[in-house]
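First the structure, in the form of structure tokens, and then the observations on it.
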Amino acid sequence: MSKLPNQLTIIQALSGLQQRKFTSVELTRAYLKRIAQVDKKIKAFITITADYALKQAQKADNIYQKNPEKIKAYPLLGIPVSVKDLFSTKGILTTAGSNILKNYTPSYDATVIKRLKDAGAVILGKTNLDAFAHGSSTEASDFFTTLNPWDQTRLPGGSSGGSAASVSADETIFSVGTETAGSIRQPAAWCGIVGLKPTYGRVSRYGVIAMASSTDSPGPMCKTTKDASYVLQVLAGRDKYDSTTSHQPVPDYLTSLNKSIKGLKIGYAPEYFSENVQNEVKEAVQAALKTLEELGAEIKEVSLFDPKYAVAVYTILQRAEVSSNLARYDGIRFGHSVLWDKNYAAKNIWEVFEKTRAEGFGEEAKKRIMLGTYVLSAGYYDQYYLKAQKVRTLIIKDFERAFGDIDLIVGPTSPSVALPVGAREKNPMFGEMEDILVEPSTIAGLPGINIPCGFYDNLPIGMQIFGPQFSEGKILQVAHAYEQETKWHKRKPKL
Amino acid sequence: MKLSKSQVLHITNLARIELTENEITRLQSLLSETLEYIDILNKLDLKNIVPTSQITGLENVWREDRIGETQTLTQNEVLSNAPQKENGYFKVPLVIAK
């Protein structure tokens, strides 16, 4: 191998495993060694499941060695993966990055986890995130902040910051994250990796600790577009445990990958290249559009609804849904509770709720619950929540109109490159402003990808490509064509 | 639009979270700032617009009303994270006052 084992992609690793160049145990050991070396610098992991991973790797090796005819049934056989600590993993601590769950061990696997395990993947551990996925920097984790592998004075983005950092630092071959408004794409941009947010309903949310149920979307975070296609193939599809999953059949994402992009119509909106976007970011994305044109795509200007409306809509809807979803943390059935102290004399059950939640939730969770409760409360529902739902309709229709004569839209993923640690302190709308360019598509339930498209001051710049519902195939096709032409993904952080 | 302290206290009661005085003051201004930003929605004409509550287009997804073995957790599994339990029940303090 010319590459260190932990720098392989999924496709390369599968090839190496199948050709017996190395075993899954050797591969897993290489990743665990890398984690031991660098995670003290970037702190991507909350829990590292070394023994469990090696056991899974051994099981995979048994199949490679003794039952090679079964290999085809396991598309990710022996491939190490890191998992955002928002996915329930049976028997493995799952915290959602929050103190209120720091002692919680689920008794079941999320569907995403089940599919990864059924495919033979090896779970290395759980990665750090903003608590309950409330954030865009991973600073809102109740435990610690993850740092950007490219520059440890900077943030990895969020909320899937730990996942993005672990992939970028080669601590894992790939990861799975979730996005509600940029949480896959934005950290992917700041860490220089591929992050795919599928269409809402394409991948099951069962077992994902709920944040905003009408927008949460689990998705792959990988080193290349081919890897992302491969993982999406494993994760996508209807799930009987999640009735919001789509009944649409899952296409073959890999066969469309190498098709030429000649004739595809790609739009860009001036509203997404405003003065609030860093100049170097704009230039990199504009250069990328030129590259796509050279590859045969037709580039057209389109006009889109100003994204600032999407921020307001998202702020209301997300906080409303959060206030509802976080009501379950009541100290009775799981998680932190005043009742863990057997001598605690509660006057009544309300006191248990009020004190448990006061102790267990971080500031960001409390803020969001409070705002959500307010906008749903009697007398304010129409003024805020109902209004936001109506504007949501306008945003959806705006995209339908735009996609009437273009296939996909390209733009910057984030208004800037990775920001320094401490950026979020002063601004209550920090997360929303960082995610302004990706919120409109998430509200409309659209799929989108981030791929690296340049660097500024050795910090990655990300470009997003998004499209109508279920256009993942086309998005991956365009992303792949660009990636193969430019190879930004070959550059690695020095750790 | 500045939230009053009594409004904030009303919300903490609805949300069942006990806040310190400092937290209440802090949240008062943070929430007010956020509400101000949201006001831009008032610039839009929303006459005759139907609200969207979900974007899947799905309606009533049914399943058979039957319990399958793979769908259920055992009682022990369900109680495994509970702080207080007794005889297979979650144990809670007084709910209804005498």
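Among B:L30, B:L35, which is more than 7 Å from chain A (Cβ to nearest Cβ) and in contact with a Lys or Arg (Cβ under 9 Å, 6 or more places away or on another chain)?
B:L35 is the lone residue from the list that is more than 7 Å from chain A (Cβ to nearest Cβ) and in contact with a Lys or Arg (Cβ under 9 Å, 6 or more places away or on another chain).
Does any residue of segment B:5-22 turn out to be part of a loop (DSSP other than H, G, I, E, B), at the interface with another protein chain (Cβ under 9 Å from one of its Cβ atoms), within 30 Å of A:P307 (Cα to Cα) and without any contact (Cβ under 8 Å) to a residue 40 or more places away in the chain?
no
Checking A:R319 against (1) charged (D, E, K, R); (2) in contact with a Gly (Cβ under 8 Å, 6 or more places away or on another chain); (3) over 30 Å from B:T34 (Cα atoms), which test does it fail?
Evaluating A:R319 over (1) charged (D, E, K, R); (2) in contact with a Gly (Cβ under 8 Å, 6 or more places away or on another chain); (3) over 30 Å from B:T34 (Cα atoms) leaves (3) as the failure.
Do we have A:I396 as surrounded by fewer than 21 Cβ atoms within 10 Å (Cβ to Cβ) and not in a loop (DSSP other than H, G, I, E, B) here?
Judged against the criteria, A:I396 is a match.
Which members of segment B:69-98 meet the condition of being facing chain A (nearest Cβ under 7 Å), outside any loop (DSSP other than H, G, I, E, B) and either over 25 Å from A:W350 (Cβ atoms) or among the hydroxyl-bearing types (S, T, Y) (or both)?
Listed by number, the list holds a single entry, B:E77.
Restricting to segment A:101-154, and then to whatever is β-branched (V, I, T) and part of a loop (DSSP other than H, G, I, E, B), can you tell me which residue is surrounded by the fewest Cβ atoms within 10 Å (Cβ to Cβ)?
A:T153
With the structure loaded, tell me whether A:R424 is touching a Ser or Thr at 6+ places or on another chain (Cβ under 8 Å), part of a helix (DSSP H, G or I) and either away from chain B (no Cβ under 14 Å) or basic (K, R) (or both) or whether it fails that test.
In short, no.
Inspect all residues belonging to segment A:266-285 and state whether any of them is in contact with a Gly (Cβ under 9 Å, 6 or more places away or on another chain), within 20 Å of B:L44 (Cβ to Cβ), among the hydrophobic types (A, V, I, L, M, F, W, C) and not in a helix (DSSP H, G or I).
Yes; the residues of segment A:266-285 include at least one that is in contact with a Gly (Cβ under 9 Å, 6 or more places away or on another chain), within 20 Å of B:L44 (Cβ to Cβ), among the hydrophobic types (A, V, I, L, M, F, W, C) and not in a helix (DSSP H, G or I).
More than 16 Å from B:A82 (Cα to Cα) and at pLDDT below 95: is that true of A:K72 in this structure?
Yes, satisfied.
Quick check on my filter: what residues within segment A:238-257 are free of Cβ contacts under 8 Å to residues at least 60 places away in the same chain, within 14 Å of another protein chain (Cβ to nearest Cβ) and closer than 26 Å to A:Q477 by Cα?
A:R238, A:T245, A:H247
Inspect segment A:30-51 for any residue being within 27 Å of the chain's Cα centre (by Cα), in a helix (DSSP H, G or I) and more than 30 Å from A:T138 (Cα to Cα) and give the result as yes or no.
Looking for residues that are within 27 Å of the chain's Cα centre (by Cα), in a helix (DSSP H, G or I) and more than 30 Å from A:T138 (Cα to Cα), one finds none in segment A:30-51, hence no.
To keep it simple, each residue is scored yes or no on (1) of a type outside the set (D, E, K, R); (2) outside any loop (DSSP other than H, G, I, E, B).
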residue	(1), (2)
B:R26	no, yes
B:L31	yes, yes
B:D39	no, yes
B:L58	yes, no
B:R63	no, no
B:I67	yes, no
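B:I49 versus (1) in a helix (DSSP H, G or I); (2) facing chain A (nearest Cβ under 7 Å): which is the lone unmet condition?
So B:I49 meets the others, but not (1).
Kindly evaluate A:R328 against the criterion of being among the basic types (K, R) and buried (at least 20 other Cβ atoms within 10 Å of the Cβ).
For A:R328, the condition - among the basic types (K, R) and buried (at least 20 other Cβ atoms within 10 Å of the Cβ) - is not met.
Would you pick out the residues in segment A:320-360 that are within 8 Å of chain B (Cβ to nearest Cβ) and part of a loop (DSSP other than H, G, I, E, B)?
A:D330, A:G331, A:I332, A:R333, A:F334, A:G335, A:S337, A:K342, A:A346, A:K347, A:N348
Consider A:E363 carefully, then state whether it is at the interface with chain B (Cβ under 10 Å from one of its Cβ atoms), modelled with pLDDT of 95 or more and within 22 Å of B:I24 (Cα to Cα).
no
Within segment A:441-474, work out how many residues are assigned to a helix (DSSP H, G or I), within 18 Å of A:L254 (Cα to Cα) and in contact with a Phe, Trp or Tyr (Cβ under 7 Å, 6 or more places away or on another chain).
2
Taking the condition within 14 Å of chain B (Cβ to nearest Cβ), surrounded by fewer than 24 Cβ atoms within 10 Å (Cβ to Cβ) and either touching a Ser or Thr at 6+ places or on another chain (Cβ under 7 Å) or not aliphatic (A, V, I, L, M) (or both), does A:E439 pass?
So A:E439 fails the test.
Would you be able to tell me the number of residues in segment A:342-359 that are crowded, with 18+ Cβ neighbours inside 10 Å and either among the aromatic types (F, W, Y) or touching a Lys or Arg at 6+ places or on another chain (Cβ under 7 Å) (or both)?
Selection size over segment A:342-359: 3.
The values are calculated or read from the model by the stated rules, or taken from the named source; none is laboratory data. Owing to the predicted nature of the structure, the values given are computational and were not obtained by experimental measurement. Cβ atoms come from the backbone with ideal geometry, glycine included; neighbour counts cover every protein chain shown.
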